[in-house]
Amino acid sequence: MKHEAIAASLNSSGNAPQGGELAEGLTITEHEAEQVERANASSSPPVVFVHGLWLLPSSWDRWVTLFEEAGCVALTPGWPDDPETVSQAREHPEVFAGKGIGEIADYEEAIIHRLKRKPVIIGHSFGGLLTMILAGRGLAAASVAISPAPFRGVLPLPIPALRTASVALRNPANWNRAVPLSYEQFRYSFANVVGEDEAKELYLGYSVPGAGEPLFQAASANLNPWSEAQVNSTNPDRGPMLIVSADSDHTVPWAIANAAYEKQKRNQGVTEIVKMPGRGHSLTIDAGWRDVAEKALEFVGRFTTITARIA
């Protein structure tokens, strides 16, 4: 299901391994290693796309095309043990179980540390939270967090967000399980503002089981001083950050995204937020994805060497 794994990890201090040194625990796939090699061989600015819960790296395919046409080189790492396809993910949901925020963030960091230059990092939902975590570790040249999952210090808990998270939270045993979304749950959580036909197409084309653990970690972050759902929002090396919110998002309503912005804007770097009208949580994959991607590309273009014009 996975390509042959290639060792790549962080040493105990959290820094990049030096001189080819490898540490235990983290591996990246052959495909991810090939993406790193391609990025390092290019003079184009690297952009790392981080997917969220209930999706796979393939959810970024159209974004990759747009950004590469604009002069970037794209990487789409998975989470640890991600299957390659939606059909494989549905056949083997167990591979998603037991993955926490810290492990996933460290996995993404191990990949980023193999790059010769700091990348732009773009993430959606829990990928948006991971983007903030990675930027807070000083790993991003610039970052875009789209409908980011909440972190410690983000206090609003709107009812729609609780309803979405309850898919996992209603049963404590789901902490160590993979939790799929039924079509009705996907319709509410992701596809609430698109038509029925498009909602079904998105569900069949993109929705996969997701790890339950990150939902519990985010839900309890403000009760747990040691939560893995923590962001260093004041790191002066965080880099410029754009937060994108969807005004009809049930999973990450405006109140959550704006509270994250209020925390992040204390950083000395550029911090901006934009609200996309008439959009839900599927804003990165539905028919309006390009509007969101162009907002992100415009922001990134101000802080990189991208020279191509947006069509």
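The values are calculated or read from the model by the stated rules, or taken from the named source; none is laboratory data. The structure presented is a predicted model; accordingly, all values stated were derived computationally and were not measured. Positions of Cβ are generated from backbone atoms using ideal geometry, with glycine treated the same way; all protein chains shown enter the neighbour counts. Areas reflect the complete protein model, heavy atoms only, side chains present, ligands, DNA and RNA absent. Shrake-Rupley method; radii C 1.70, N 1.55, O 1.52, S 1.80 Å.
Observations on the structure shown:
- Shape category assigned to the chain from the gyration tensor of Cα positions, a/c cut at 1.5: rounded
- If the segment from ARG302 to THR85 were pulled out straight at 0.36 nm per residue, it would be longer than the present Cα-Cα gap by 74.7 nm.
- Farthest positive-ward along segment 151-214 dipole, Cα basis, beta-carbon charges - from LEU202, ASN174, SER189: ASN174
- Atom-type composition of the exposed protein surface of the chain places 50 percent of the accessible area on carbon and sulfur (1.4 angstrom probe).
- Given R0 = 30 Å, the distance between the Cβ atoms of SER220 and HIS92 translates into a calculated FRET efficiency of 0.60.
- FRET efficiency, ALA287 to SER182 (Cβ-Cβ, R0 25 Å, nearest 0.05): 0.65
- Mean-position separation - Cα centroids, segment 39-100 and segment 213-243, in angstrom: 21 Å
- Counted by Cβ distance under 11 Å from ALA199, the other residues give a net charge of -4, where Lys and Arg count +1 and Asp and Glu count -1.
- Förster-model FRET efficiency, 45 Å R0, LEU157 and ALA41, C-beta, rounded to 0.05: 0.50
- Normalised by residue number, the volume inside the convex hull of the Cα atoms of segment 184-277 is 128 Å³ per residue.
- For the chain, the solvent-accessible area works out to 41 Å² per residue, with a probe of 1.4 Å and every protein chain left in place.
- Charged side chains reduced to their Cβ positions (Lys and Arg at +1, Asp and Glu at -1) give the chain a dipole of some 1020 debye around its Cα centre.
- Ranking LEU55, THR29, PRO148 by how far each Cα lies toward the positive end of the dipole of the chain (charges on Cβ) leaves PRO148 at the top.
- Here the chain carries DSSP beta bridges of which approximately 20% are antiparallel, counting only pairs with both residues inside.
- Using the average count of surrounding beta-carbon atoms within 10 Å as a protection proxy, the listed peptides 206-217, 274-285 rank, highest first, as 206-217, 274-285.
- Mean Cβ neighbour count within 10 Å, used as a protection proxy, ranking 293-299, 33-39, 179-185, 77-83 highest first: 77-83, 293-299, 33-39, 179-185
- Two-site label geometry, ARG62 and ARG117: point separation in nm, points 7 Å out along Cα→Cβ: 2.8 nm
- The lysine pair tally for the chain, using Cα distances under 28 Å and a gap of 8 or more places or different chains, is 20.
- Near ASN174: Cβ cut-off under 14 Å, other residues only, Lys/Arg at +1 and Asp/Glu at -1. The net charge is +1.
- Note on segment 24-181: with charges restricted to the Cβ of Lys and Arg (+1) and Asp and Glu (-1), its dipole about the Cα centre is near 700 debye.
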